[in-house]
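Q: This is the structure I want to talk about, given as structure tokens.
The values are calculated or read from the model by the stated rules, or taken from the named source; none is laboratory data. None of the values given here were measured: they were computed from a predicted structure. Methodologically, a virtual Cβ is constructed for each residue, glycine included, from the backbone with ideal geometry; neighbour enumeration extends over all protein chains shown. Calculation scope for accessible area: heavy atoms of the full protein, side chains included, ligands and nucleic acids excluded. Shrake-Rupley method; radii C 1.70, N 1.55, O 1.52, S 1.80 Å.
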Amino acid sequence: MSDYRYPYKDAEFILDHLVGFDRLCEEAGLEDINLELASAVLEEANRLGSEVWAPLNVVGDREGATLGEEGVRETPGFKEAYDQYVEGGWAGLGFPEEFGGQGMPKVLFTAVDEIWQSSNLGFSLCSLLTHGAVEALMAHGSEELKATYLPKMVSGEWTGTMNLTEPQAGSDLAAVNCRAVPEGDHYKIYGQKIFITWGDHQMTDNVIHLVLARLPDAPAGVKGISLFLVPKFLLDENGEPGERNDASCISLEHKLGIHGSPTCVMSFGDGDGAVGYLVGEPHRGLMAMFTMMNDARQSVGLQGLSVSERSYQQALAWAKERLQGTRSDGSRYPIIDFPDVRRLLLLMKSGTEEMRALAYLASAEIDKAHFAADADRRASHMARVELFTPIVKGWLTELSQELTSHGVQIHGGMGFIEETGSAQHYRDARITTIYEGTTAIQANDLVGRKTLANNGEVLAALLRDIQATADNMQAVDGLADMGTSLAQVVAQGEAARQWLLDHAGEDRYAAGSASVNYLMLLGYLCGGWVMGQAALKAQALLDAGQGDKGFLETKRVTARFYFEHLLPRASACLAAVEAGSSSVMALAPEQF
Ligand SMILES: Cc1cc2nc3c(=O)[nH]c(=O)nc-3n(C[C@H](O)[C@H](O)[C@H](O)COP(=O)(O)OP(=O)(O)OC[C@H]3O[C@@H](n4cnc5c(N)ncnc54)[C@H](O)[C@@H]3O)c2cc1C
């Protein structure tokens, strides 16, 4: 089963009523862009995604990429699908017009990205990485590098990769030891990178690698890492791919999921050295790479939503078809009539709805951070973007582990059998909590740079906004009890914030012991916030007799279900935060 359809109604409700899409475009000076145009864009993207990309999802899973004489050969059918994506102008949707992009707001790009990712997670990684590489080059590349490489990358004619990981340097990038040796106007790069997503393929006539390496005079640690652009083919005098560079994929990893995405071991400088060009300043490469990683982290968070949505749509179809109950007259009824199957479906439905709302709102914050009229507002939106990034990455992907597992469970035994395709979503989802920084790394970031570094002020501002939503809910008939619950979880968020401020300095294991539960608590709280806003809006529209009654009544139910079944998990997270490090660090390694 590969039927997939973008959930327009929910997406448009979020864009219109939670994001305030038209107002956002107006404030950004994007006069020609409005919700009507966004809907048309989404409909077109859905056509390509559901008709072309989605049927290739299972093909990618069964016939992953192969490595041959000419390099990596992608899954059959992917090149044709990629060509359609490029011809449709999709690659440049969110990029500035100056480089050939279409200048659409980030939040619309994110909504479209959900379609690509739900349709085919492994395949969509190619454009995800290219997107991050473009962002890094735009922010840190020299004018010459930008003029030479960006137009082709923005159009999708060339793709991009991110080369950080080495066998000894995974989460700890301080251990990177690829070398860069200056030579005239460029550098020669030597070393090996592992796990490089879409490190090679035949879909385009060039691949542009962004590679972390050390200059000869580099200080040790993260402050001695520089960033280099290393093309697969060097450019000739006309700017066209010419001579092959000394950079190639030497093997492909065998993986649990995302088989359609080639994961390459890349070797740089096996012969004369790979020609590379410095991006940004020497020794400041990690900072430049962070531009790419922050972008990619929100996109990977979105993968948590996208793969869960695909899994949900499939589970729902199954639950309506699979007959397992027998009535007294002998007729049979489908499993969707059983309360526990309903519970699983609602966990998936309310879970994906709140993920979508949070991912889109976080993405709209990026637009606001760029477009807000004054510097103070830009700074406060940027602080919110930075706070949201580890929550979107960490929490959405963790939740996707559970939701795609429910997708399998709803299928019963057939979920465990590859034929139905439900298992693929579960396997594909598994990587999302690992790459682009594991959940623990997101949680460290949330605690360290996003909380302790600003004395918890940025979170305090978010908690005030969530409390305001709780107050509004308490004043509305039918939502008051949910408002009270949300206020209680705001208080739990505040207690966790205060606990960290009080304990992180006095116990060196406190922050690391509490961090993932802190992240999960804030995730459930943010989910409650966005579902609370959705419930308020749905109620207001129903009271005014406006909008699609059926959709709005359903939204009220999914919001309530979220408040009854998912939000209460926050209190368990707080208890674990407050337990601190005592039992976590009590055993010596040999006692395990
Ligand atoms: C399919 C796939 C695609 C990938 N694509 C790319 C790519 O395109 N480019 C690229 O550069 N890399 C890529 N990676 C690498 C990926 O980003 C790393 O695997 C990831 O960052 C984790 O590093 P590691 O595997 O070395 O695990 P480790 O760092 O060894 O981590 C092992 C465990 O220890 C924990 N841990 C480590 N450090 C800490 C800490 N400080 N605090 C708490 N816990 C910690 C981790 O959370 C994890 O549970 C990819 C990996 C895979 C599997």
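Q: Of the conditions (1) at pLDDT below 95; (2) more than 13 Å from the ligand (Cβ to nearest atom), Pro216 satisfies every one except a single condition; which number is it?
A: Among (1) at pLDDT below 95; (2) more than 13 Å from the ligand (Cβ to nearest atom), the lone unmet condition for Pro216 is (1).
Q: Exactly one of these conditions fails for Asn294: (1) of a type in the set (S, T, N, Q); (2) modelled with pLDDT of 95 or more; (3) within 15 Å of the ligand (Cβ to nearest atom). Give me its number.
A: So the condition that Asn294 fails would be (2).
Q: Follow-up. Against the condition under 21 Å from Ser515 (Cα atoms), of a type outside the set (S, T, N, Q) and within 16 Å of the ligand (Cβ to nearest atom), how does Arg384 come out, does it pass?
A: Details: under 21 Å from Ser515 (Cα atoms): yes; of a type outside the set (S, T, N, Q): yes; within 16 Å of the ligand (Cβ to nearest atom): no.
Here the answer is no, as Arg384 does not meet what is asked.
Q: Does Lys549 satisfy being basic (Lys, Arg) and either in contact with a strand residue (DSSP E or B) (Cβ under 7 Å, 6 or more places away or on another chain) or open to solvent by less than 40 Å² (accessible area, probe 1.4 Å) (or both)?
A: Numbers: basic (Lys, Arg): yes; either in contact with a strand residue (DSSP E or B) (Cβ under 7 Å, 6 or more places away or on another chain) or open to solvent by less than 40 Å² (accessible area, probe 1.4 Å) (or both): no.
Considered against the rule, which asks whether it is basic (Lys, Arg) and either in contact with a strand residue (DSSP E or B) (Cβ under 7 Å, 6 or more places away or on another chain) or open to solvent by less than 40 Å² (accessible area, probe 1.4 Å) (or both), Lys549 comes out as no.
Q: If you scan region 233-264, which residues turn out to be closer than 22 Å to Glu144 by Cβ and either within 15 Å of the ligand (Cβ to nearest atom) or aromatic (Phe, Trp, Tyr) (or both)?
A: Phe233, Ala247
Q: Could you go through region 440-450 and let me know if any residue there is open to solvent by less than 40 Å² (accessible area, probe 1.4 Å), more than 16 Å from the ligand (Cβ to nearest atom), touching a helix residue (DSSP H, G or I) at 6+ places or on another chain (Cβ under 7 Å) and at pLDDT 95 or above.
A: Filtering region 440-450 down to residues open to solvent by less than 40 Å² (accessible area, probe 1.4 Å) leaves 442-443, 445-448, 450.
This time we only want the ones that are more than 16 Å from the ligand (Cβ to nearest atom), so: none.
No, every residue in region 440-450 fails to be open to solvent by less than 40 Å² (accessible area, probe 1.4 Å), more than 16 Å from the ligand (Cβ to nearest atom), touching a helix residue (DSSP H, G or I) at 6+ places or on another chain (Cβ under 7 Å) and at pLDDT 95 or above.
Q: Being touching a Gly at 6+ places or on another chain (Cβ under 8 Å), modelled with pLDDT of 95 or more, open to solvent by less than 10 Å² (accessible area, probe 1.4 Å) and more than 16 Å from the ligand (Cβ to nearest atom): is that true of Gly160 here?
A: Details: touching a Gly at 6+ places or on another chain (Cβ under 8 Å): yes; modelled with pLDDT of 95 or more: yes; open to solvent by less than 10 Å² (accessible area, probe 1.4 Å): yes; more than 16 Å from the ligand (Cβ to nearest atom): no.
Here the answer is no, as Gly160 does not meet what is asked.
Q: With a cut-off of at least 2 residues that are open to solvent by less than 20 Å² (accessible area, probe 1.4 Å) and either β-branched (Val, Ile, Thr) or under 16 Å from Tyr187 (Cβ atoms) (or both), name the strands (runs of 3 or more DSSP E) lying wholly within region 219-287.
A: The qualifying strands (runs of 3 or more DSSP E) are 226-231, 263-268, 274-279.
Q: Which residues, counting only those in region 195-213, are more than 20 Å from Arg73 (Cβ to Cβ) and within 12 Å of the ligand (Cβ to nearest atom)? It would help to see each step written out before you state the result.
A: Initially, region 195-213 is screened for residues more than 20 Å from Arg73 (Cβ to Cβ), giving 210-213.
The answer is Leu210, Val211, Leu212.
Q: Could you check Ala461 against (1) farther than 23 Å from Gln298 by Cβ; (2) surrounded by fewer than 20 Cβ atoms within 10 Å (Cβ to Cβ); (3) away from the ligand (no atom under 16 Å from the Cβ) and say which number it fails?
A: (1) is the only condition that Ala461 fails.
Q: Out of the residues in region 476-498 meeting the condition of being buried (at least 16 other Cβ atoms within 10 Å of the Cβ) and among the aliphatic types (A, V, I, L, M), tell me which one is farthest from Ala579 (Cα to Cα).
A: So the residue we want is Leu479.
Q: Restricting attention to strands (runs of 3 or more DSSP E) lying wholly within region 138-198, give those where 2 or more residues are under 29 Å from Asn444 (Cα atoms). Walk me through it before giving the result.
A: On the way: elements: 159-163, 179-183, 186-197.
Where strands (runs of 3 or more DSSP E) fall fully within region 138-198 and carry at least 2 residues being under 29 Å from Asn444 (Cα atoms), they are 159-163, 186-197.
Q: Which residue pairs have Cβ atoms closer than 8 Å, lie 6 or more positions apart in sequence or on different chains, and pair a first residue in region 554-568 that is not aromatic (Phe, Trp, Tyr) with a second residue that is not in a helix (DSSP H, G or I)?
A: Qualifying pairs under 8 Å: Arg556/Gly478.
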